[in-house]
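J.: Pasting a structure here, questions to come.
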Amino acid sequence: MVGEIQGSIFGDVMTSQLAPDLDPTVIPFIYENVDDVFSTWNGPVGEKIKEACMEKGNIRVVGIGRRGARYLLGNKEMTTAADVKGVKLRLPEIDSWVSIWKSAGALPTPIAFSEVYSALQTGVCDSFESTLELVYTGKYYEVQKYAMKTEHLYGLFHFGIAESWLQELPEDVRAVIIEEGAEACRWGDEEAADYETEMAEKLQENGMTIVEVDKQSYKDAVMPAIEEVAGTWQPEVWEEVQKYMK
């Protein structure tokens, strides 16, 4: 924001902070697949999100890329929302996420990501949610038996460049960065097309079980919380989400 670095790759936290009234793509249990998330980002709502990042954060989003679906992890099978009741679930400190999982009956537990492994090991928390890639690379299969295929959020990588620095560059160089930033993300998506399947296979090889769930039971349980969060959005965002969910 202050121009100390020129670029970064962000996850969901950036728009949760800079465009909380505009970005439904960071809210769990709304989207059915990542292509629909891209459609929102490439439409009028997406343009407003990008404008907010520029105006409030000095960040120009030059590209977005697939991050992978998020799964619910645990040491028991949680095939329906009822199974989540009373589970101490580690969550990042994103208010909307806390509200939504609390409405499903979970007990949200804020823990720094670097401490999640030990917290699971010692019982400070029972469960967490993440992408399969992070579960595999962090060896969380050593402390969690099940990966519930909730696919409750199709997160994106956001490739951001400091706008103040970008404007200092010659126009032709600026154009290259903007165009090739988007192209780099497209290339990354192609390279990672089968990555999630590979991660699932590796986790199963290491003893983790992938569990199919009743996604509708989760959606029904958290809908009141989604509607509450929607009250903080600009009206046109909620209108678009309602059309999509119907």
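J.: In whole Hz and in residue order, list the ³J(HN,Hα) couplings for segment 51-59 that follow from phi through the Karplus curve 6.51 cos²θ - 1.76 cosθ + 1.60, θ = phi - 60°; x for Gly and Pro.
T.: Taking θ as phi minus 60°, the curve returns 4, 5, 5, 5, 6, 8, x, 6, 10 Hz for segment 51-59.
J.: Can you give me the pair-distance distribution of the chain, C-alpha pairs, 10 Å bins, whole percents?
T.: That works out to 7, 30, 34, 22, 6, 1, in percent per bin.
J.: Could you give the distance between the Cα centres of segment 5-50 and segment 214-246, to the whole Å?
T.: Value for the Cα centre distance between the two parts: 15 Å.
J.: Follow-up. Using modelled backbone amide H atoms (1.01 Å from N, in-plane), which distant-in-sequence or interchain residues come within less than 5 Å of T131's amide H?
T.: It is Y71, by chain and number.
J.: Right, another one. Take every DSSP beta bridge with both residues inside the chain and express the antiparallel ones as a percent of the total, to the nearest 5.
T.: Taking every DSSP beta bridge within the chain, about 70 percent pair in antiparallel fashion.
J.: Sticking with this structure for a sec: So what does log10 I(q)/I(0) come out to for segment 1-73 at q = 0.18, 0.19, 0.27 Å⁻¹, using the Debye formula with one equal point on every Cα and no solvent?
T.: Calculated log10 I(q)/I(0) at the listed q: -0.73, -0.81, -1.48.
J.: Would you please name the GluC sites (Glu not before Pro) within segment 1-54 that are DSSP coil residues with at most 16 other C-beta atoms within 10 Å of their C-beta?
T.: E4, E32
J.: By a straight-distance test (C-alpha under 17 Å), which aspartates and glutamates pair with K85 as possible cross-link partners, with residues fewer than eight away in the same chain excluded?
T.: Hits, sequence-local ones excluded: E77, D126, E129, D214, D220.
J.: For helix 235-245, report the angle its Cα long axis makes with the longest principal axis of the Cα atoms of the chain; keep it between 0 and 90° and round to the nearest 10°.
T.: 50 degrees
J.: Sort M199, M223 by Cβ crowding within 10 Å, fewest neighbours at the top.
T.: So the residues, fewest neighbours to most, are M223, M199.
J.: Please report the equivalent ellipsoid semi-axes of segment 116-195, computed as sqrt(5 x eigenvalue) of the Cα gyration tensor, largest first, in whole Å.
T.: Working from the Cα gyration tensor, I get semi-axes of 38, 16, 10 Å.
J.: Per residue, what volume in Å³ does the Cα convex hull of segment 57-192 take up?
T.: 119 Å³
Taken together, the values in this text are just the output of simple stated rules run on the coordinates, not laboratory data. As the structure is a prediction and not an experimental result, all values here were calculated from the model. Note that each Cβ is placed from the backbone with ideal geometry, even for glycine, and that neighbours are counted across all protein chains shown.
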